[in-house]
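Novice: Here's a structure for you.
The values are calculated or read from the model by the stated rules, or taken from the named source; none is laboratory data. Just so it is clear, the structure is predicted and the values come from calculations on it, not from any experiment. Counting neighbours? That spans all protein chains shown, and the Cβs are built from the backbone with ideal geometry, glycine included.
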Amino acid sequence: MTLNEGRQRHAQLVEEIRRHDYAYYVLAQPAISDQEYDRLYHELIALESKFPELISSDSPTQRVGGQPLKEFKPVRHLVPMTSLDNTYSQEDLLEFVHRVQRFLPGEALDWIVEPKIDGVAVNLRYQNGNFTCGATRGDGAIGDDITANLRTVRSIPARLRSQPGAAGGCGKHTDAGQAGHEEIPSLLEVRGEVYLTKAGFEKLNAERKAAGEEPFANPRNAAAGSLKQLDPRIVAKRPLDILVYGLGHIEGAARPPESQAEMLELIKRLGFKTPGNTWHCRSAEQLVAAIAELDRIRRKFPYETDGAVIKLNSFAQREQVGFTSKAPRWAIAYKYAAEQAETLLRAITVQVGRTGALTPVAELDPVFLAGSTISRATLHNEDYIRQKDIRIGDTVTIQKAGEVIPAVVDVVLTRRTGKEIPFRFPQSCPECGSKVSRAAGIAEGDEGVVWRCLNPDCPAQIRGRIEHWCARGAMDIEGGGEALARQLISSGLVRDVADLYSLKLSDVAGLERMGEKSAQTFLGGIGESKGRDMWRVLYGLGILHVGAGVAKALGRCFPTLEDLFASGVEQLTACEEVGDVIAQSIVQWNGDARNRKLLERLKSAGVNLKSELFRPKAKGGALAGKTFVLTGTLPKLKREEAAVKIETAGGRVSSSVSKKTDYVVAGAEAGSKLDKAQKLGLTIIDEAGLLKLLEQ
Ligand code: IVH
């Protein structure tokens, strides 16, 4: 295939994949099967690997995220991004309608009501149809340039629909490329809300907990935390979505929209996802009815909503009504009362988790809230209690944050009697009395706010580790839940997971509420667990940042757990999905002599440390003595598969390019490693070249 033919096919594939992305991510109406889609996508990757000059930042292959950034650059919005005034009652709403009417005496008013999406506001700039700049609101005038992160959000079109390519950037908004379809404006800024669905949030938090990381408090925090990531590849893994509801600026449109309703129609045609439920109202009564209807149905939406936004429909009327210093006078947010209840805060206990994290928990007088009785709620961390001045004996307002985990949101100060007792966060671990520290923010989201118990022998941590080891996703030992773990530890039978393997039937059957049969089941489970695959053992050890997915990736790279622990950061990061943070966490874990001893004891107990996922290397093969560096996405082989093939043929795979590298295998999105290889004058091959070498 010549470059010209490649270019033509590339354009066809991009166009076709975009169409399917739109059908899937925006309309939620997929037109082809996943396999057919994958076929197109892989063809595109193969083509871009053959002709890297065809790769552009808006190619569908670039949605997986590019190189990490050092910082976000500031970007000025063409039109400031204002906020909205809030109302909380029907009265206030009617007052708002009258106020607007006073600016437009005698005029008929019509309104659009939309859900108020609880996410993060962003501004998206399109120049000649191309997405060139995406930014946070920031201070309203200047936001952060988060274009690279937003490119990973599948429902944000890389190009407006039916428009050929052009270039641009946050810094410049001059014309670039050519105008195409008559409807496509030369310059467009739209505003919307990036959010995480409720389901996406649950999944993300479950993964974070399993990897020993601090969960996000609610979907909005999770979306905000994701967009603040400097590494777009991490953002690409977060299930972010967008709804676009506003226009910042438009130039060169054939027929600029004259109302919110027209604008929503236009941006929908241009390929954006817009709020599905909107109401067109022509009176205050209709507004009240629409707001009530939205409240009835919003819990079924896949995303969180915290209100309704009421906007004057006509843009001409908006202009007459104008803005205050902070917000438009022609729109208002009607906030629904969150599902809240008031109750007495009897006590504050502090839970110690598997990683030693201390979490304050409110012990409450039981109260019914949104479908269930609540007697405990999270208080997040010490700073939260201090900021809200929450005291024991206070009447507090609790709320279902993210409609799942109840949280204390406020103190009802009018109910204070003066007898309430301020809470002193424990200066030592409540379980074992050891030193606690909040020096290090060891996981994203807990930058120095989380206290951790520093004693690895803390019974609460041991309990957490035992429970984690026995969990279904790890060693899958039936019966190893919290109650049994507690008893095993308090009776002194178990101090670490290796102790489980010397338990006798009489030990376990002798525990309270433990019959012989349950004891037998539990011990049977322990016996069976000895044969589990290496990745389960590794995951079960509960090393910070090593979730099940990472453990599997490591299982594919290393034949045994001993080999894995004998490796340094460089060898570890040569594995797919393993970055510096994970590698360092593993090295640090292994640096502790007690952990090494634990591993030895597990081995002597007969626990399998071999990986079934690993494919053995052959010595003296076709590639013996040759060092390879893999970079970018290969058309057919996953990076790990390529590594296994190289190693099977006797070659070595390294993660960094140096003079000693014999071959650099470059695929799509190859970045700095490829640049370095070119500078050093190394041999650069593609996947086909690699396969040829392997055949020899
Ligand atoms: S219109 C000048 N519409 O709520 C008009 N905002 O509390 C500004 N929001 O900053 C926004 N859903 O981040 C609008 N349907 C919607 C919205 C919405 C969520 C957010 C937006 C805004 C904030 C104001």
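Novice: Please determine, by comparing only the residues of segment 626-653 that are surrounded by fewer than 18 Cβ atoms within 10 Å (Cβ to Cβ) and modelled with pLDDT under 85, which one is nearest to Glu48 (Cα to Cα).
Specialist: Lys638
Novice: For Thr359, indicate whether it is surrounded by 14 or more Cβ atoms within 10 Å (Cβ to Cβ), more than 16 Å from the ligand (Cβ to nearest atom), among the polar types (S, T, N, Q) and in a strand (DSSP E or B).
Specialist: Yes.
Novice: Then there's this: Any residue in segment 71-82 that's basic (Lys, Arg): show its pairings with residues that are within 16 Å of the ligand (Cβ to nearest atom) at Cβ separation under 9 Å, as long as the two are six or more apart or on different chains.
Specialist: Short answer, once both residue conditions are applied: Lys73/Asp144; Arg76/Ala135; Arg76/Ala141; Arg76/Ile142; Arg76/Gly143.
Novice: So Lys679 clears everything in (1) assigned to a helix (DSSP H, G or I); (2) among the basic types (Lys, Arg); (3) closer than 22 Å to Lys552 by Cβ except one condition, right? Which one?
Specialist: Looking at each condition in turn, Lys679 falls short on (3).
Novice: Could you say whether any residue in segment 245-253 is surrounded by fewer than 17 Cβ atoms within 10 Å (Cβ to Cβ), at pLDDT below 95, over 32 Å from the mean Cα position of the chain (by Cα) and of a type in the set (Asp, Glu)?
Specialist: Within segment 245-253, one or more residues are surrounded by fewer than 17 Cβ atoms within 10 Å (Cβ to Cβ), at pLDDT below 95, over 32 Å from the mean Cα position of the chain (by Cα) and of a type in the set (Asp, Glu).
Novice: Can you tell me which residues in segment 446-462 are free of Cβ contacts under 8 Å to residues at least 40 places away in the same chain and either assigned to a helix (DSSP H, G or I) or touching a strand residue (DSSP E or B) at 6+ places or on another chain (Cβ under 6 Å) (or both)?
Specialist: Result: Pro459, Ile462.
Novice: Against the condition loosely packed, with under 15 Cβ neighbours inside 10 Å and on the phi > 0 side of the Ramachandran plot, how does Ala11 come out, does it pass?
Specialist: No.
Novice: Moving to a separate point now. Only one of (1) among the aliphatic types (A, V, I, L, M); (2) away from the ligand (no atom under 13 Å from the Cβ); (3) at pLDDT 95 or above is not met by Ile142, so which one is it?
Specialist: (3)
Novice: To continue, here is another question. Going by what's in this entry, would Val75 be described as away from the ligand (no atom under 16 Å from the Cβ), assigned to a strand (DSSP E or B) and buried (at least 16 other Cβ atoms within 10 Å of the Cβ)?
Specialist: yes
Novice: So, one more: Hey, does segment 193-211 have a residue that's within 14 Å of the ligand (Cβ to nearest atom) and not aliphatic (A, V, I, L, M)?
Specialist: Yes, segment 193-211 has at least one match.
Novice: I would also like to ask the following. Give the residues of segment 93-136 that are more than 26 Å from Ala316 (Cβ to Cβ) and either within 9 Å of the ligand (Cβ to nearest atom) or hydrophobic (A, V, I, L, M, F, W, C) (or both), sorted by residue number.
Specialist: Within segment 93-136, Ile117, Asp118, Gly119, Val120, Val122, Phe131, Cys133, Ala135 qualify.
Novice: Within segment 334-355, take every residue that is touching a Pro at 6+ places or on another chain (Cβ under 8 Å) and crowded, with 19+ Cβ neighbours inside 10 Å and give me the one that is nearest to Asp410 (Cα to Cα).
Specialist: Thr343
Novice: Using the structure shown, decide if Val550 is crowded, with 23+ Cβ neighbours inside 10 Å, modelled with pLDDT under 95 and assigned to a loop (DSSP other than H, G, I, E, B).
Specialist: The answer is no for Val550.
Novice: Hey, Ala485 hits all of (1) surrounded by fewer than 18 Cβ atoms within 10 Å (Cβ to Cβ); (2) within 22 Å of Lys597 (Cβ to Cβ) but one; which does it fall short on?
Specialist: Here Ala485 meets the rest and fails (1).
Novice: Also: Please find, within segment 283-308, the residue that is surrounded by the most Cβ atoms within 10 Å (Cβ to Cβ) out of those that are within 16 Å of the ligand (Cβ to nearest atom), assigned to a helix (DSSP H, G or I) and at pLDDT below 95.
Specialist: Arg298
Novice: Considering only residues that are surrounded by fewer than 19 Cβ atoms within 10 Å (Cβ to Cβ), out of contact with any helix residue (DSSP H, G or I) (no Cβ under 6 Å at 6 or more places or on another chain) and over 22 Å from Leu204 (Cα atoms), which ones fall in segment 553-583?
Specialist: Within segment 553-583, Pro559, Thr560, Glu562, Asp563, Ala566, Gly568, Glu570 meet the criteria.
Novice: Ok, one more. Which of the residues belonging to segment 243-269 are more than 11 Å from the ligand (Cβ to nearest atom) and either aliphatic (A, V, I, L, M) or part of a loop (DSSP other than H, G, I, E, B) (or both)?
Specialist: Scanning segment 243-269 gives Ile250, Gly252, Ala253, Ala254, Arg255, Pro256, Pro257, Glu258, Ala261, Met263, Leu266, Ile267.
Novice: Only one of these is within 16 Å of the ligand (Cβ to nearest atom), surrounded by fewer than 19 Cβ atoms within 10 Å (Cβ to Cβ) and at negative phi: Asp34, Asp85. Name it.
Specialist: Going through Asp34, Asp85 in turn, the sole match is Asp85.
Novice: For segment 146-164, check the following and say yes or no: at least one residue is buried (at least 16 other Cβ atoms within 10 Å of the Cβ) and within 14 Å of the ligand (Cβ to nearest atom).
Specialist: No; the residues of segment 146-164 include none that is buried (at least 16 other Cβ atoms within 10 Å of the Cβ) and within 14 Å of the ligand (Cβ to nearest atom).
Novice: Let me confirm something: among Pro68, Pro80, which residue is more than 16 Å from the ligand (Cβ to nearest atom), assigned to a loop (DSSP other than H, G, I, E, B) and surrounded by fewer than 16 Cβ atoms within 10 Å (Cβ to Cβ)?
Specialist: Pro68
Novice: So is Phe272 among the aromatic types (Phe, Trp, Tyr), in contact (Cβ under 8 Å) with a residue 60 or more places away in the chain, in a loop (DSSP other than H, G, I, E, B) and over 14 Å from Ile156 (Cβ atoms) or not?
Specialist: no
Novice: Looking at this structure, is Arg125 in contact (Cβ under 8 Å) with a residue 24 or more places away in the chain, surrounded by fewer than 23 Cβ atoms within 10 Å (Cβ to Cβ) and at negative phi?
Specialist: Judged against the criteria, Arg125 is not a match.
Novice: Shifting gears a bit: Taking Lys676, is it among the charged types (D, E, K, R), under 20 Å from Asp580 (Cβ atoms) and without any contact (Cβ under 8 Å) to a residue 40 or more places away in the chain?
Specialist: Considered against the rule, which asks whether it is among the charged types (D, E, K, R), under 20 Å from Asp580 (Cβ atoms) and without any contact (Cβ under 8 Å) to a residue 40 or more places away in the chain, Lys676 comes out as yes.
Novice: Could you list, in sequence order, the residues of segment 88-101 that are surrounded by fewer than 12 Cβ atoms within 10 Å (Cβ to Cβ) and at pLDDT 95 or above?
Specialist: His98
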